[in-house]
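The structure appears below as structure tokens.
Please treat every number below as a calculation from the coordinates, not as lab data. Here the structure is a predicted model, which is why all the values come from computation and not from measurement. Please note: Cβ atoms are built from the backbone with ideal geometry, for glycine as well, and neighbour counts cover all protein chains shown.
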There are 2 protein chains.
Amino acid sequence: MPELRKDPVLGRWIIIAQERGKRPTDFIIEKSESKGGFCPLCPGNEKTTPAEVLRYGGGAPNTPGWDLRVVPNKYPALVIEGELDKEGEGLYDKMNGIGAHEVIIETPNHNETFISLEPERMINVFLAYRDRLVDLGKDPRFQYVMIFKNYGRAAGASLEHSHSQLVALPIQPRMIVSELAGSLSYFRYKERCVFCDIVRQEINQDVRVVCRNDYFLSITPYAPRSPFEMWILPRSHSSSYIEQDDESFRALTAIFSESMLRLEKCIPNVPYNFVLHTSPLRSAPLEHYHWHFEIMPKLTQIAGFEWGSGFYINPTPPEDAARYLREQDI
Amino acid sequence: MPELRKDPVLGRWIIIAQERGKRPTDFIIEKSESKGGFCPLCPGNEKTTPAEVLRYGGGAPNTPGWDLRVVPNKYPALVIEGELDKEGEGLYDKMNGIGAHEVIIETPNHNETFISLEPERMINVFLAYRDRLVDLGKDPRFQYVMIFKNYGRAAGASLEHSHSQLVALPIQPRMIVSELAGSLSYFRYKERCVFCDIVRQEINQDVRVVCRNDYFLSITPYAPRSPFEMWILPRSHSSSYIEQDDESFRALTAIFSESMLRLEKCIPNVPYNFVLHTSPLRSAPLEHYHWHFEIMPKLTQIAGFEWGSGFYINPTPPEDAARYLREQDI
């Protein structure tokens, strides 16, 4: 059983995923994975993954014919079965590692990348995120669902076939706690949502805008951790990803696709991560919080300074990055 | 001039080091650096670095004969000249990138690593940290000095010759702000230092202790971000690194050396970062804060999940790591 443990100084939770337990010598070879060969995410290999929890497209469950599948991770960081059991150990706090860890298989086609997906495939991905958020939100043990994508070895992807992941957590992760607290303190002072103010200022200044449409804005944020970091925000206030209507999902697909295409044109085959930031499960609509995606190209090595300080050195001003991104011919 | 910018939601400061400005195409080749060749940190090449700000050993300034040298970084993330100039830009906050960025050259011998340093050389490194903290603390523009070491390309090192770095900052980095806040709230509740409680509990439980001596304790922390993460803490309460006496520096050298040797035996030539966490410059002694080193082997890829959540998945329980480390024959 994995375990959740809390740092007593910072309040930061970590997962000890002992099932993945490694002896020191296991770390030495952990370098590259060969391309090609057997792919458990390809059609025809449905039986090699745990049974699907969501499926779009035709065919019988766990057989070919799907357009998109969501399956539990075969090597989960957290496990779905069991009661939440919180416990102290002297001054330390822990709980057993209850949660869900799922894989969103974005396309049956092994050779497509997320960026190359047709709009009707990409919208499926965003709809699947919503459907899983709604479904996992019914489980009272979970407080948050973190949805993210790793593309490229350098960004942590271990499978080539295009996929994203989600982790349902019995706690609120530190980053969300900090965003909620920061945006609340702004709201208390200004009586406005800080993200709405960002949207307004970015549209007015128009120096960090990558692209926009009626529903969404894509920007390089003012204080980016890494070169070409991008955020995609709804232009109207909304604290939860699941509040969107159909039109909005189409607009999200369009802006996400354009942003990623511009990035790919700037830096071909760039490794990247993106993460959905949304309000906690079952939270009432929040006046001070605003859901968004953060997209982080993996271009600089995180070194000692960043580790120790939470303080990032970025060689590319976001205004330059936005200009490069806008200049691309797509 | 580099710029410091603050994320308006999280309060996280980042450095835009525009002098290092890169076009998108510059990122594509940033892969490996050849070994061997010219080393600017070697004796005889003193003129290729900026003039030294600290020197231990014999010889004239900026000539061979030294045991340890500290020089400004030739490509600094922050610059030392100028007034601090804080400014708003709509809802955003920035200041010009005033600070110091220095390189501690730990040995004249190109082929020594930090772990292989003789005790009399390693103690110089720890004394140099103190001397630079004291000296930079005289500059009222600076609030914090972050001292860190990157070893190995995977951990962000770009030069082979053994060295550490420091960055003097006009702000308090987020990690320190969080540690100060977390330890203060513990202190208010318990009227004890949380780190002192950690030291006490770890010695009693004796399952995460790597090694110890009369002055220091080396542990794998209860909630480690990465496998084989280690913390080295003074056993008696002390909030500032510069408070140490000579005997204590000898003991620090001994425990640091033993901890790193055990790590190196476990995982030969492991890339790692370490960072000194100490109270802010010119802070009065703090009852609730306790200086320490955090040592992070670079064994797992930081992927989307960690980025987005500040939430880490660690495959190795610290109790297992401590056992492996203790079992090594050194």
ask   = Taking the protein assembly as shown as a whole, which cysteines find no other cysteine Cβ under 4.7 angstrom from their Cβ?
value = A:Cys211, A:Cys266, B:Cys211, B:Cys266
inquiry  = Just to compare against my own numbers: the Cα pair-distance distribution for chain B, 10 Å bins, whole % per bin, please.
reply    = 5, 23, 34, 27, 9, 1
ask   = Using a label position 7 Å from Cα in the Cα→Cβ direction, what is the ascending list of nm distances from B:Glu287 to the same site in the other copies?
value = 3.9
request  = Taking the Cα centre of chain A as origin, sum charge times position over the Cβ atoms of Lys and Arg (+1) and Asp and Glu (-1), and report the length of that vector in debye to the nearest 20.
outcome  = 520
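First measure r as the distance between the Cβ atoms of B:Glu191 and B:Ala284, then evaluate 1/(1 + (r/R0)^6) with R0 = 22 Å and state the FRET efficiency to the nearest 0.05.
On the way: r = 18 Å, r/R0 = 0.81.
It comes to 0.80.
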note = The exposure ranking of B:Asp135, A:Asp93, fewest beta-carbon neighbours within 10 Å first, is B:Asp135, A:Asp93
request  = Quantify how strongly other chains surround peptide A:174-182 by giving the mean number of their Cβ atoms within 10 Å of each of its Cβ atoms.
outcome  = 4
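Quick check: from the Cα gyration tensor, does segment B:175-327 come out rounded (a/c under 1.5), prolate or oblate?
Values: a/c = 1.63, a/b = 1.21, b/c = 1.35.
Oblate.
For segment B:134-214, which GluC sites (Glu not before Pro) are in a loop by DSSP, counting at most 12 other Cβ atoms within 10 Å? List each step's numbers first, then the result.
Details: sites: B:Glu160, B:Glu179, B:Glu191, B:Glu202; in loops: B:Glu160, B:Glu191.
Qualifying residues, ordered by number: B:Glu191.
Return the loop-located trypsin sites (Lys or Arg not before Pro) in segment B:98-138 (DSSP other than H, G, I, E, B) with at most 16 other Cβ atoms within 10 Å of their own Cβ; answer none if there are none. Show your work: numbers first, answer last.
Numbers: sites: B:Arg121, B:Arg130, B:Arg132, B:Lys138; in loops: B:Lys138.
Within segment B:98-138, the qualifying trypsin sites (Lys or Arg not before Pro) (loop, at most 16 other Cβ atoms within 10 Å) are B:Lys138.
Can you figure out the FRET efficiency of B:Asn73 with B:Gln18, using R₀ = 25 Å and their beta-carbon distance, to the nearest 0.05?
Details: r = 16 Å, r/R0 = 0.62.
Approximately 0.95, to the nearest 0.05.
What does the extension gain come out to for B:Glu118 and B:Leu159, with contour length at 0.36 nm per residue minus their alpha carbon separation? Don't jump to the answer; show the numbers that get you there.
Numbers: separation 41, 0.36 × 41 = 14.76 nm, distance 2.08 nm.
Full extension from B:Glu118 to B:Leu159 adds 12.7 nm.
What per residue convex hull volume, in Å³, comes out for segment B:121-205 when only alpha-carbon positions are used?
169
For a quick check of your reading of the filter: which GluC sites (Glu not before Pro) in segment B:36-96 sit in a DSSP loop and have no more than 10 other Cβ atoms within 10 Å?
On the way: sites: B:Glu46, B:Glu52, B:Glu81, B:Glu83, B:Glu87, B:Glu89; in loops: B:Glu52, B:Glu81, B:Glu83.
Here the GluC sites (Glu not before Pro) that fit, given the DSSP loop and packing criteria, are B:Glu81, B:Glu83.
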inquiry  = Over segment B:175-327, what is the relative contact order in percent, taking alpha-carbon pairs closer than 8 angstrom and at least six residues apart?
reply    = 32
ask   = What does the helix-only formula give at 222 nm for chain B: each DSSP H stretch with n ≥ 4 adding -39500 (n - 2.57), the total divided by the residues, and the result rounded to the nearest 500 deg cm²/dmol?
value = -8000 deg cm²/dmol
Among A:Leu286, A:Pro227, A:Gly58 the positive-end extreme of the charge dipole of chain A (Cβ point charges) = A:Pro227
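FRET efficiency for A:Arg200 and A:Thr63, Cβ-Cβ distance as r, R0 = 45 Å, nearest 0.05? List each step's numbers first, then the result.
Values: r = 50 Å, r/R0 = 1.10.
According to the calculation, E is roughly 0.35.
When the dipole is taken about the Cα centre of segment B:175-327, and only Lys, Arg (+1) and Asp, Glu (-1) are charged at their Cβ, what size is it in debye, to the nearest 20? Intermediate results must be reported in sequence, preceding the final value.
Numbers: 15 positive and 19 negative charges, 42 e Å.
Result for segment B:175-327 is approximately 200 debye, rounded to the nearest 20.
Taking the Cβ of each residue in A:Glu106, A:Glu264 as the centre, tally the other Cβ atoms inside 10 Å and list the residues starting with the fewest. Write out the running numbers ahead of the final one.
Values: A:Glu106 25, A:Glu264 19.
In order of increasing Cβ crowding within 10 Å: A:Glu264, A:Glu106.
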query = Expressed as cubic angstrom per residue, what is the convex hull volume of the alpha carbon set of the protein assembly as shown?
reply = 159
remark   = at A:Thr48 the sorted inter-copy label distances (label 7 Å from Cα on Cβ side), in nanometres, are 5.0
Nearest-first distances (nm) between copies at A:Arg141, label 7 Å from Cα via Cβ = 5.5
key: segment A:42-162, relative contact order [Cα under 8 Å, separation at least 6], %   = 21
task = In nm, give the distance between the simple-model label positions of B:Arg323 and A:His110, each being 7 Å from the Cα along the Cα-to-Cβ direction.
result = 4.0
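Tell me the relative contact order for chain A as a rounded percent, counting alpha carbon contacts under 8 Å between residues six or more apart. Could you put the intermediate results ahead of the total?
Details: 627 pairs, mean separation 51.9, N = 330.
Computed value for chain A: 16 percent relative contact order.
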message = Compute, for segment A:56-166, the length of the dipole vector about the Cα centre, with Cβ point charges of +1 (Lys, Arg) and -1 (Asp, Glu) only. Units Debye, rounded to 20.
response = 160
key: Globularity index of segment A:67-159, i.e. its alpha-carbon radius of gyration over 2.2 N^0.38 Å   = 1.32
ask   = Gap in Å between the Cα centre of segment A:90-132 and the Cα centre of segment B:254-301?
value = 35
request  = Evaluate the distance, in nm, between pseudo-label points positioned 7 Å from the Cα of A:Glu89 and of B:Cys42 along their respective Cα→Cβ axes.
outcome  = 4.9
ask   = Whose amide H sits under 5 Å from the amide H of B:Phe216, counting only residues 5 or more places off or on another chain, with H placed in the peptide plane?
value = B:Arg235
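Listing A:Leu127, A:Leu325 from the residue with the fewest other Cβ atoms within 10 Å to the one with the most, what is the order?
On the way: A:Leu127 18, A:Leu325 28.
By the 10 Å Cβ count, ascending, the order reads A:Leu127, A:Leu325.
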